[in-house]
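Report on the following structure.
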């Protein structure tokens, strides 16, 4: 792993490894090919939440082999078009988006997820407009609510809602109407199988392509239904090199972590046994020791409770060291031990890879503060600059 | 509380109430005056971390009565100068900042916190430069490490380090050298008294002004030492209307919350008893009920574990309702109950004030997910637009 030379001399930063992102997409392509060699399976690369916190500008260039990109806001669609993305874009969470926005021709080929009956009402109003004022390349995906249960249509609502989409297709408003499902428990093979079967039953013999997926499903047991032509799979977390499967890291699956988060030591102090560090006396030195402090904290998106069980990598060698006291707003401290040789200016790695390549999987860090990699990635704030490698 | 008319029709947003911020600063001024009517006490308003997540552009206009502003990066100093702030700026966490940056005359009257011996070495190098290349209005504050222990000088290091600053004053490099301390346990009156006494002992008869404070100390028991002329107090969290004292809200102290976080319902679904909502089956309806989903999630800075004990306000009336299942990346769900009358488009308030004025204190929300208001404020990401009211 190389650290770019343009890193800040003060302040923290995150390195985004573009090659890792393109590798992870290729990894998925190969896996899909082996599972379903005869049928083209298309891939939506999900780049919502600024590419899971990795930044659209850093990420999109690495996703040229995707068939489409998935986002959650019309602003993101426009941002992608400005970045030159010409292939389809899937607009998830489209409920609440005004019909006029959908008609904007600068959005290009738009695939709209239908989560809610009022969206169908809106589309039916659009279908009554003169052709010149209608969207030209609009595709729709009806969401089955399923076990996730928060958005979409349930088993009794699904077929009637789909009939309304088919009528809109007949009227020429929409190019295609497909079936979309998002799994609630894809980490568990049995739960996943049950969700897949339920969705297949609900869709039954209705025409149109399918879109399912999510990283846990794609990295776990791939389904038979992949063989169905025209299937559009959605992948998110795995593109960034993290595993959605509990107890497994992305690297163990063959993925490459795309993000490393770093800061520099701004102080190294010698503490006598019994001395405290941090707010509320959360750390007391059990022996004489060196404590290093780095200028990164919860205002950058590092969870405040990470200190309890977590560790970081320090120095050029990427030596693992425990936290010393609670993470503060702008800084955190590490127990470097009695024989520490680290100095002010040395690099600290919170997750990802240290300069010499030593790895601290984001999944390990997330587990140490009872969360998941996706929350760590997307929780980074604008105060943490992203730098491409 | 008024909600501005410019709020997004989709997507979440936060409202920043400028009047609340200026009120909170006045509240502190009055309190200081009552405690120490004879002596001018100056106030550093701390606006690090983009004004605790409230945005510098929204906050600085409300802080014109502060004597100075405190930040953590040279970039923030430049940003404040571009915004027209002409009074002093305190640069906390200045360790690691290069000497050349300090010399930039566009930084104006800069107060540098000295956390680390290498900063003294740098200043001594600057003092050997011709006068034309030196900073012109540089003030310094030596940090006592104290119980926080992460940055600064301990009891044996303090006086010799201060002598070096006094020598730099004699040489004309620095205008003034003062004494700075940050409390580790100001929430507890006894711990605070011990920290204050310790600091006073360490400083002893050394000349120069003091800077202490922090919101917990200023909202709790104010010290006798306030009477000392030239004391510069630092306040942060309380400016934004939140309390740093456990079990107390800002409103209970007389402060006004400056931030409200909102989203809109994008779906309202009827669930049968036994049906699930959210990833990993974290919620199962115990009775037939309405579940509303709002497009705000952990990618905006809402803690993923908030659902466990938290509640939100919903609709124009600000009715309190519990979460239904784990907070997801882009959305969260609420159990609206069997008799709900809320609709798609209705406003949800995560903390702050609902449109009709109903309050959900940020301290209550923070406690429900085992953190503090400052982490919620500064954890908001760039995907949550801030709107002034």
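Residue B:279 passes all but one of (1) at pLDDT 95 or above; (2) within 11 Å of chain A (Cβ to nearest Cβ); which number fails?
Residue B:279 satisfies every listed condition except (1).
Would you be able to say whether some residue in the stretch A:18-40 is at pLDDT 95 or above, touching a strand residue (DSSP E or B) at 6+ places or on another chain (Cβ under 7 Å) and closer than 30 Å to residue A:251 by Cβ?
Yes.
Give the stretch B:124-144 a look and list any residue that's under 30 Å from residue B:60 (Cα atoms) and away from chain A (no Cβ under 14 Å), or say none.
Across the stretch B:124-144, the qualifying residues are B:134, B:135, B:136, B:137, B:138, B:139, B:140, B:141.
Which of the residues that make up the stretch B:89-106 are surrounded by 15 or more Cβ atoms within 10 Å (Cβ to Cβ) and either within 11 Å of chain A (Cβ to nearest Cβ) or closer than 20 Å to residue B:49 by Cβ (or both)?
Selection gives B:89, B:90, B:91, B:92, B:93, B:94, B:95, B:96, B:97, B:101.
Please state which one of B:261, B:268 is within 10 Å of another protein chain (Cβ to nearest Cβ) and in contact with a strand residue (DSSP E or B) (Cβ under 9 Å, 6 or more places away or on another chain).
Sole residue among the options that is within 10 Å of another protein chain (Cβ to nearest Cβ) and in contact with a strand residue (DSSP E or B) (Cβ under 9 Å, 6 or more places away or on another chain): B:268.
Please give the number of the condition residue B:293 fails out of (1) modelled with pLDDT of 95 or more; (2) in the same structural domain as residue B:353 (by TED's automatic domain parsing); (3) surrounded by fewer than 24 Cβ atoms within 10 Å (Cβ to Cβ); (4) not in a loop (DSSP other than H, G, I, E, B).
All conditions pass for residue B:293, except number (3).
Tell me the residue from A:362, A:348, A:344, A:314 that is touching a residue at least 12 places away in the same chain (Cβ under 8 Å) and closer than 25 Å to residue B:326 by Cβ, please.
Exactly one of A:362, A:348, A:344, A:314 is touching a residue at least 12 places away in the same chain (Cβ under 8 Å) and closer than 25 Å to residue B:326 by Cβ, namely A:362.
Which ranges mark the helices (runs of 4 or more DSSP H) fully within the stretch B:112-214 that have 3 or more residues being within 23 Å of the chain's Cα centre (by Cα) and within 30 Å of residue B:244 (Cα to Cα)?
The qualifying helices (runs of 4 or more DSSP H) are B:189-203.
Quick one: which residue in A:374, A:366 is out of contact with any strand residue (DSSP E or B) (no Cβ under 6 Å at 6 or more places or on another chain), within 14 Å of chain B (Cβ to nearest Cβ) and surrounded by fewer than 22 Cβ atoms within 10 Å (Cβ to Cβ)?
Selected residue: A:366, the only one of A:374, A:366 that is out of contact with any strand residue (DSSP E or B) (no Cβ under 6 Å at 6 or more places or on another chain), within 14 Å of chain B (Cβ to nearest Cβ) and surrounded by fewer than 22 Cβ atoms within 10 Å (Cβ to Cβ).
Could you tell me which of the residues A:65, A:86 is surrounded by fewer than 14 Cβ atoms within 10 Å (Cβ to Cβ) and in contact with a helix residue (DSSP H, G or I) (Cβ under 7 Å, 6 or more places away or on another chain)?
Answer to the selection: A:65.
Being farther than 17 Å from residue A:281 by Cα and either in contact with a helix residue (DSSP H, G or I) (Cβ under 9 Å, 6 or more places away or on another chain) or surrounded by fewer than 22 Cβ atoms within 10 Å (Cβ to Cβ) (or both) is the filter here; which residues of the stretch A:325-345 pass it?
Those that are farther than 17 Å from residue A:281 by Cα and either in contact with a helix residue (DSSP H, G or I) (Cβ under 9 Å, 6 or more places away or on another chain) or surrounded by fewer than 22 Cβ atoms within 10 Å (Cβ to Cβ) (or both): A:330, A:337, A:338, A:339, A:340, A:341, A:342, A:343, A:344, A:345.
Return the residues of the stretch A:158-171 that are out of contact with any helix residue (DSSP H, G or I) (no Cβ under 8 Å at 6 or more places or on another chain) and within 14 Å of chain B (Cβ to nearest Cβ); say none if nothing qualifies.
Scanning the stretch A:158-171 gives no hits.
Across the stretch B:315-326, what is the number of residues that are assigned to a loop (DSSP other than H, G, I, E, B) and under 23 Å from residue B:273 (Cβ atoms)?
Residues that pass the stated criteria total 3.
Yes or no: residue B:24 part of a helix (DSSP H, G or I) and over 24 Å from residue A:299 (Cβ atoms)?
no
Within the stretch B:243-258, restricting attention to residues that are more than 15 Å from residue B:28 (Cβ to Cβ) and assigned to a loop (DSSP other than H, G, I, E, B), which residue is nearest to the other protein chains (Cβ to nearest Cβ)?
Taking the candidates together, the pick is B:246.
Among the residues of the stretch A:72-98, count how many are in a helix (DSSP H, G or I) and either outside the structural domain of residue A:60 (by TED's automatic domain parsing) or touching a strand residue (DSSP E or B) at 6+ places or on another chain (Cβ under 9 Å) (or both).
Adding up the residues that qualify gives 6.
What are the pairs with Cβ atoms under 8 angstrom where one residue, in the stretch A:120-136, is in contact (Cβ under 8 Å) with a residue 60 or more places away in the chain and not assigned by TED's automatic domain parsing to the domain that holds residue A:101 and the other, located anywhere, is buried (at least 19 other Cβ atoms within 10 Å of the Cβ) and part of a helix (DSSP H, G or I)? Sequence gap at least six, or different chains.
Short answer, once both residue conditions are applied: none.
In the stretch B:262-273, is there at least one residue being part of a loop (DSSP other than H, G, I, E, B), closer than 30 Å to residue A:152 by Cα and either under 15 Å from the mean Cα position of the chain (by Cα) or at pLDDT 90 or above (or both)?
Yes.
Considering only residues that are within 14 Å of another protein chain (Cβ to nearest Cβ) and in a strand (DSSP E or B), which ones fall in the stretch A:35-71?
Hits for the stretch A:35-71 are A:46, A:70, A:71.
Checking residue B:356 against (1) in a loop (DSSP other than H, G, I, E, B); (2) away from chain A (no Cβ under 14 Å); (3) touching a helix residue (DSSP H, G or I) at 6+ places or on another chain (Cβ under 7 Å): exactly one of these is not met. Which one?
The single condition residue B:356 does not satisfy is (3).
Residue check, residue B:322 against (1) away from chain A (no Cβ under 14 Å); (2) buried (at least 18 other Cβ atoms within 10 Å of the Cβ), all met but one. Which one?
For residue B:322, the exception is condition (2).
The values are calculated or read from the model by the stated rules, or taken from the named source; none is laboratory data. A quick note: this is a predicted structure, and the numbers were derived from the prediction, not measured. Cβ: placed from backbone, ideal geometry, glycine included. Neighbour counts: every protein chain shown.
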